[in-house]
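Working notes, structure below.
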Amino acid sequence: MRRRTWVALALCATAALALAVVGVTSAAHSSRDGAAKGKPILIGAAVDLTKNMAPFDAPALAAAQIEIKKINAHGGVLGRPLQIIPINDQLDPTRTQQAAAQLVAKHVAIGWVTCDVDYSTPSIDEFLKAKLLTVAPCIGTDEMGPSRFGSPGKTAFSFGNAAQDEGAAVAEYSISRGWKNATVVTDNLLRYFQDVCKAFTVRFTQLGGKVLAQESFKQGDKTIGNIVSRVNSQSPKPQVIAFCTSFAGDQPAFVSGLRSLGNETPIIDGWASDGNYWWPTSPKVTNFYFLTYASALARDPQAPVRAFEAKLKAAGHPAQTGGFITGADTIDAIAYAIRKAHGSTNGATLANILAHLHKFQTLGGPISFSPGLHSVTGRPYRVVLVNNNAAKVVGLHTTKVVANIH
């Protein structure tokens, strides 16, 4: 019952945020009283605002709207205001496809999709069929591109860090702490979770670390208690547990299960564990690390990020996770590409510009793409430590070597 309560509270809070985002978006559309007066450049967003991906989609959408407001107030993009139109697809495949089709019918110039490639594939396919630049603010796999979508995927990009980058960063930070052996626990629900743990394993062993055991489960398969027992009984015990999952279900069960047994081994994850919506209250989360784009739960070390968080709070939807950064970064890169293309919104033209971005400066730090990898590398991570349900930034880390997981 307690687990269902965590889920309900998280989704209620996110639903309120989502409604606020849509309200702000609609108001911005109707007023547009900034300097930009030309024909709007429409961005159509088929996203989840009420279900499992809402804690990730909604903050990115909120940040995008704030960045759009700033750009429009300063003349827009070559005199044209940006405008984002969101539709809540609720992760339903049919709704997702229909939402994208509706947005294409509205003549949007750019498609925007939810932060997981499996959930968003119906909308991605629809946007790519219309030959639009198609962006996700925070998909973490390398599938936004030709590797999954073939030739049409040349116009698909994610502004989330590539799992190869993220898992490598988790491994590098672990080694830097002197943790030389690890147990890896992978949630097979999403390829993103799998790829982060693969990247961790590759980079950790490359750096001389030893993986003592590999465990896996699939969110909701009711095996998490067995995983807890096996990890707790391992001998020798690992110095760190790499745990690749998310959502308010098996994640708190694993963490609280180990801690209830008196096992205080450090647990570490990437961005998927950002947010306090999943934290159990008894026992509290302790000795838990995650790497994220920006700190929403503790004071971020960089003043521009803190200032942006203040804008989010003033707008009525404070940051829930560091994923908001990617929404702002996506808008900045879109605006740059359109300017670079002399006002063109042609999907292939904009994609060619994005594919060659190198250390492009954004609120979240420098980001890079390549023709072969349409997910971000090079963005610095905040390393956050949670002790007794209180978060603290304990460092910054930029991946030194991106793991090769293929």
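The values are calculated or read from the model by the stated rules, or taken from the named source; none is laboratory data. What you are looking at is a predicted structure, and each value in this text was computed from that prediction instead of being measured. In this analysis, Cβ positions are derived from the backbone assuming ideal geometry, glycine residues included, and neighbour counts consider all displayed protein chains. We work out accessible area using only protein heavy atoms, side chains counted, and drop any ligands, DNA or RNA first. Shrake-Rupley method; radii C 1.70, N 1.55, O 1.52, S 1.80 Å.
Do we have VAL383 as of a type outside the set (D, E, K, R), in a strand (DSSP E or B), crowded, with 21+ Cβ neighbours inside 10 Å and modelled with pLDDT of 95 or more here?
On the way: of a type outside the set (D, E, K, R): yes; in a strand (DSSP E or B): yes; crowded, with 21+ Cβ neighbours inside 10 Å: yes; modelled with pLDDT of 95 or more: yes.
Against the criterion (of a type outside the set (D, E, K, R), in a strand (DSSP E or B), crowded, with 21+ Cβ neighbours inside 10 Å and modelled with pLDDT of 95 or more), VAL383 qualifies.
Scanning the stretch 237-260 for residues that are among the hydrophobic types (A, V, I, L, M, F, W, C), modelled with pLDDT of 95 or more and open to solvent by 10 Å² or more (accessible area, probe 1.4 Å) yields a single hit, ALA253.
Take the residues of the stretch 308-342 that are closer than 13 Å to SER295 by Cα, of a type in the set (A, V, I, L, M) and part of a helix (DSSP H, G or I): which is least open to solvent (accessible area, probe 1.4 Å)? Walk me through it before giving the result.
Filtering the stretch 308-342 for residues closer than 13 Å to SER295 by Cα gives 308-310, 318-326.
From the residues that got through so far, the ones that are of a type in the set (A, V, I, L, M) too are 310, 319, 325.
Imposing the further condition that a residue be part of a helix (DSSP H, G or I) reduces the set to 310, 325.
Working: ALA310: 57, ILE325: 0 Å².
Filtering first and then ranking leaves ILE325.
The helices (runs of 4 or more DSSP H) found entirely in the stretch 119-231 that carry 2 or more residues being over 20 Å from the mean Cα position of the chain (by Cα) and among the β-branched types (Val, Ile, Thr) are 191-206.
Among the residues of the stretch 108-124, the ones that are acidic (Asp, Glu) and crowded, with 24+ Cβ neighbours inside 10 Å come to 1 in all.
So that you can scan it fast, the table gives a plain yes or no per residue for (1) among the polar types (S, T, N, Q); (2) at pLDDT 95 or above; (3) more than 17 Å from ALA136 (Cα to Cα):
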{"residue": "PRO304", "(1), (2), (3)": "no, yes, yes"}
{"residue": "LYS313", "(1), (2), (3)": "no, no, yes"}
{"residue": "GLY323", "(1), (2), (3)": "no, no, no"}
{"residue": "ALA351", "(1), (2), (3)": "no, yes, no"}
{"residue": "ALA355", "(1), (2), (3)": "no, yes, no"}
{"residue": "VAL393", "(1), (2), (3)": "no, yes, yes"}
{"residue": "HIS397", "(1), (2), (3)": "no, yes, yes"}
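Taking the stretch 82-107 as the range and being assigned to a loop (DSSP other than H, G, I, E, B) and buried (at least 24 other Cβ atoms within 10 Å of the Cβ) as the test, only ASP89 passes. Looking for something at pLDDT 95 or above and among the hydroxyl-bearing types (Ser, Thr, Tyr) - is there at least one such residue anywhere in the stretch 50-67? Looking for residues that are at pLDDT 95 or above and among the hydroxyl-bearing types (Ser, Thr, Tyr), one finds none in the stretch 50-67, hence no.
Scanning the stretch 343-373 for residues that are more than 21 Å from the chain's Cα centre (by Cα) and assigned to a helix (DSSP H, G or I) yields GLY347, ALA348, THR349, LEU350, ASN352, ILE353. I'd like the full set of residues that are within 19 Å of the chain's Cα centre (by Cα) and of a type outside the set (Gly, Ala, Ser), limited to the stretch 289-316. Selection gives TYR289, PHE290, LEU291, THR292, TYR293, LEU297, ASP300, VAL305, ARG306, PHE308, GLU309, LEU312.
Do we have GLY257 as free of Cβ contacts under 8 Å to residues at least 40 places away in the same chain and under 20 Å from PHE193 (Cβ atoms) here? Taking the combined requirement at face value, the residue satisfies it. Among residues of the stretch 227-246 that are in contact (Cβ under 8 Å) with a residue 12 or more places away in the chain, those with a Cβ under 6 angstrom from a residue that is small (Gly, Ala, Ser) and open to solvent by less than 10 Å² (accessible area, probe 1.4 Å), sequence gap 6+ or separate chain, pair up as PRO238/ALA182; VAL240/SER174; VAL240/ALA182; ALA242/ALA182; SER246/ALA272.
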